[in-house]
Amino acid sequence: MSYTSLIALPARLMLLPVHTVLPPIFHRRLCAAAVTLALLSGCAAVSPVVTPVKASPAEVPATSVVAQTDQTDDDETVQPEPEATDKAGKTETAAVDEAEVAEQQLLPKLDMDSRLLYSLLVSDIAAQRGQPQLAMTTYLDLAKKTRDPRLARRALEHAITSGQINFAIDSATLWLEIDPKSSTALHTLVSMLVRTNRLSEAEPHLAKLIAARPAEAGNSLLQLRSLWNKQSDKQAVLVLTQALAKPYADLPEAALALGFAEQAAGHADKALVQVDLALSRRPGWDIAILLKAHLLEGRSEKEALEFLAEQSVRYPQAKEVRMSYARNLIDARRLADARKVYDVLNRDFPDTLEIVVGLGMTAMQGRDYRQAESAFVHALDLKPRNPAAIRYYLGVTAEEQRNFDRAMDWYRSVPDGDYRDDADRRLVHIYSRQGQKEPALALAEKMPVDTESNKIMKAQTLAQIHRENKDLTAARKVLDTALKEFPNSTDLLYDRSLISEQLGQLDVAERDLRRYLEIKPNSATALNALGYTLAARTSRLDEAEHLIGQALAIEPDNPVIIDSSGWLQYRRGNFQEAARQLKRAFELLPDPEIAAHLGEVLWQLNQRDEALKVWDQGKQLDPKHDVLADTIKRLTGK
């Protein structure tokens, strides 16, 4: 047996422990026979491919496209199946044989002695018995002595398996030193150097990788950022990127790569300079546009939106830019504008899942449930990998159209996972809305209580059931009990404030909302709720105006807050200003309570036909809405 064929022996036996391959009695005979054969045969045999030891994904350093292994690398030669007897199989076999012969010419010519044989057997037996540290140490020592790249590779594999990153770097360095043409060794070494923040050591290797494919240098520079992780030294990354980009200074990708590096280092202004340079070299480049928008957003949301709007018009085929514009509009709570953008996008790119879902979500927020339903059905036709959310929102659109049977079917079709609990809560809500209090309570009692948030959600659901069934005292009792366990829950404080207001206990409602603001002083929700309560239920209008003004400063386009401001103006007797604000709120969010407020203001302005139209629109949204029904009855007597 030759030295080279002995190295390959453990690879053929890798799937079985040593003691199952041969009985113990044969172990000494195997060693003796191997020594004899080695002494007789020398080192002329062709070496088979070494089978690598697989590490878990967490143990193997990730590499970007920059560091992907070249599939034609001789180190990754695949062995043909023995059964392949057709012409193609014979061709593959011949190609592999040629690769093996070429590899053989690079291998050291060594005679097998007993000491080397013993070290090889110890290494492989250690690996088989789960002792990778002993295996890697022995393999690396052997690789240094024999200058055999396969042994350096084996040392590297066992070092990665045992989590010895520095030892792995030493092994990869030796492998590359022995075989400078091995792309696998180079890529692995670069990945580990980056992973351990040894960026200055990685620089020459990365430069070599980029220079090896000059036609792809731009893409390689851009993909550098995928190598860095959260622990990377951002300043060192910037210095490295500057060095790597210098030979390619005229490329737009070089400027953009520097833009990303400057951004990561916290230099937004310098990043903008580089991004503008990239865009001057490649106008309409979506990646650069998106990065610039992100940088501008850190300075001014308005500036970012204006930039995205201008770029969307200038480059209508830049789908990602237009989608980003729609998302930013949603973040700015400009839902009506976002819906318009999605509507046009859907006509231009009709089968893009994100666009279809975005249209459905914005239509649903605008209470256009028919369009929302149509969009979500289309989204299901596109066969998303996880349809749970879409099925859930189809249930919501059906429920809001008061098609409760269809809604319940959709909710029941939601698979286990993130939306299952939400679907069950909506089922509870439907039972409750239909006056089926007992089934609603029975289903609510089955809700999970394994976490604090789930316990709070269950309490909110139970309270909602009681409130919808006009049992405000029971609802208040549920919330009181829950708040004893979770006194700082802003969700519970908010819900109890609503119940307390309905019960006429304004002192409790105000106390809960002020406690909410102690916990979250910049909550537009709480500021608006307290301001509206004071405006609607008390004469403390100046205080109410101050609170609502604070909420509007945080969310100026929130239709609920605009509604509160409009109602405050009505309470002050400023009917024209009230009508202007309430019309805007109703345009942004068609809602039965906003319809009640706007209709009342129009009624007082003697625009009674307009008021009746608005109320009719509100009744179409929810014919049983208490505030709307009470307003109409109070003013018309009907």
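Laid out as a table, the results:
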| read-out | value |
| --- | --- |
| Hey, residue 543 assigned to a helix (DSSP H, G or I), acidic (Asp, Glu) and surrounded by 15 or more Cβ atoms within 10 Å (Cβ to Cβ) or not | no |
| Residue that is nearest to residue 230 (Cα to Cα) [pool: residues in the stretch 245-266 that are surrounded by fewer than 20 Cβ atoms within 10 Å (Cβ to Cβ) and among the charged types (D, E, K, R)] | 246 |
| Residue in the stretch 398-416 that is buried (at least 20 other Cβ atoms within 10 Å of the Cβ), not in a helix (DSSP H, G or I) and not aromatic (Phe, Trp, Tyr) present | yes |
| Any hit, the stretch 557-566, residues being modelled with pLDDT under 95, part of a helix (DSSP H, G or I) and open to solvent by less than 30 Å² (accessible area, probe 1.4 Å) | yes |
| Considering residues of the stretch 312-355 that are surrounded by fewer than 21 Cβ atoms within 10 Å (Cβ to Cβ) and among the small types (Gly, Ala, Ser) only, the residue farthest from residue 283 (Cα to Cα) | 336 |
| Residue tally, condition more than 26 Å from residue 509 (Cβ to Cβ) and open to solvent by less than 30 Å² (accessible area, probe 1.4 Å), over the stretch 422-453 | 4 |
| Selected residue (only one of 535, 578 is buried (at least 16 other Cβ atoms within 10 Å of the Cβ), over 23 Å from residue 505 (Cα atoms) and either touching a residue at least 40 places away in the same chain (Cβ under 8 Å) or among the small types (Gly, Ala, Ser) (or both)) | 578 |
| All positions within the stretch 247-267 that are of a type outside the set (A, V, I, L, M, F, W, C) and either in contact with a strand residue (DSSP E or B) (Cβ under 6 Å, 6 or more places away or on another chain) or within 20 Å of residue 233 (Cα to Cα) (or both) | 259, 262, 263, 266, 267 |
| Counted residues, the stretch 607-638 - those being open to solvent by 30 Å² or more (accessible area, probe 1.4 Å), more than 19 Å from residue 571 (Cβ to Cβ) and under 46 Å from the mean Cα position of the chain (by Cα) | 12 |
| Lone unmet requirement of (1) touching a His at 6+ places or on another chain (Cβ under 9 Å); (2) open to solvent by 30 Å² or more (accessible area, probe 1.4 Å) for residue 586 | (2) |
| Any chance residue 516 is aromatic (Phe, Trp, Tyr) and surrounded by fewer than 24 Cβ atoms within 10 Å (Cβ to Cβ) | no |
| Residue count, the stretch 591-606 (criterion: surrounded by fewer than 18 Cβ atoms within 10 Å (Cβ to Cβ) and either within 19 Å of residue 559 (Cα to Cα) or touching a residue at least 24 places away in the same chain (Cβ under 8 Å) (or both)) | 2 |
| Restricting the stretch 315-336 to residues that are aliphatic (A, V, I, L, M) and not in a helix (DSSP H, G or I), the residue that is farthest from the chain's Cα centre (by Cα) | 318 |
| Test: residue in the stretch 361-372 that is among the small types (Gly, Ala, Ser), in contact with a helix residue (DSSP H, G or I) (Cβ under 8 Å, 6 or more places away or on another chain), within 18 Å of residue 308 (Cβ to Cβ) and part of a helix (DSSP H, G or I) | no |
| Any helices (runs of 4 or more DSSP H) falling wholly within the stretch 159-219 and containing at least 3 residues that are β-branched (Val, Ile, Thr) and either open to solvent by less than 10 Å² (accessible area, probe 1.4 Å) or out of contact with any strand residue (DSSP E or B) (no Cβ under 9 Å at 6 or more places or on another chain) (or both) | 165-178, 183-195 |
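Quick grid of which residues meet (1) acidic (Asp, Glu); (2) closer than 28 Å to residue 329 by Cβ; (3) open to solvent by less than 60 Å² (accessible area, probe 1.4 Å); (4) in contact with a Gly (Cβ under 9 Å, 6 or more places away or on another chain):
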| site | (1), (2), (3), (4) |
| --- | --- |
| 236 | no, no, yes, no |
| 243 | no, no, yes, no |
| 268 | no, yes, yes, yes |
| 285 | no, yes, yes, no |
| 290 | no, yes, yes, no |
| 293 | no, yes, yes, no |
| 307 | no, yes, yes, no |
| 310 | yes, yes, no, no |
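Residue-wise test of (1) closer than 20 Å to residue 317 by Cα; (2) acidic (Asp, Glu); (3) more than 20 Å from the chain's Cα centre (by Cα).
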| position | (1), (2), (3) |
| --- | --- |
| 346 | yes, no, yes |
| 351 | yes, yes, yes |
| 358 | yes, no, no |
| 361 | no, no, no |
| 366 | no, no, yes |
| 369 | no, no, yes |
| 377 | no, no, yes |
| 382 | no, no, yes |
| 391 | no, no, yes |
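A quick yes/no check of all residues on (1) modelled with pLDDT under 95; (2) in a loop (DSSP other than H, G, I, E, B); (3) not basic (Lys, Arg):
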position: 226; (1), (2), (3): yes, no, yes
position: 229; (1), (2), (3): yes, yes, yes
position: 232; (1), (2), (3): yes, yes, yes
position: 236; (1), (2), (3): yes, no, yes
position: 239; (1), (2), (3): yes, no, yes
position: 253; (1), (2), (3): no, no, yes
position: 256; (1), (2), (3): no, no, yes
position: 266; (1), (2), (3): yes, yes, yes
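The values are calculated or read from the model by the stated rules, or taken from the named source; none is laboratory data. Because the structure is predicted, anything quoted here is derived from the model rather than measured. Every residue, glycine as well, gets a Cβ built from its backbone with ideal geometry; the counts of neighbours run over all protein chains shown. Ligands, DNA and RNA are excluded from the accessible area calculation, which covers all protein heavy atoms including side chains. Shrake-Rupley method; radii C 1.70, N 1.55, O 1.52, S 1.80 Å.
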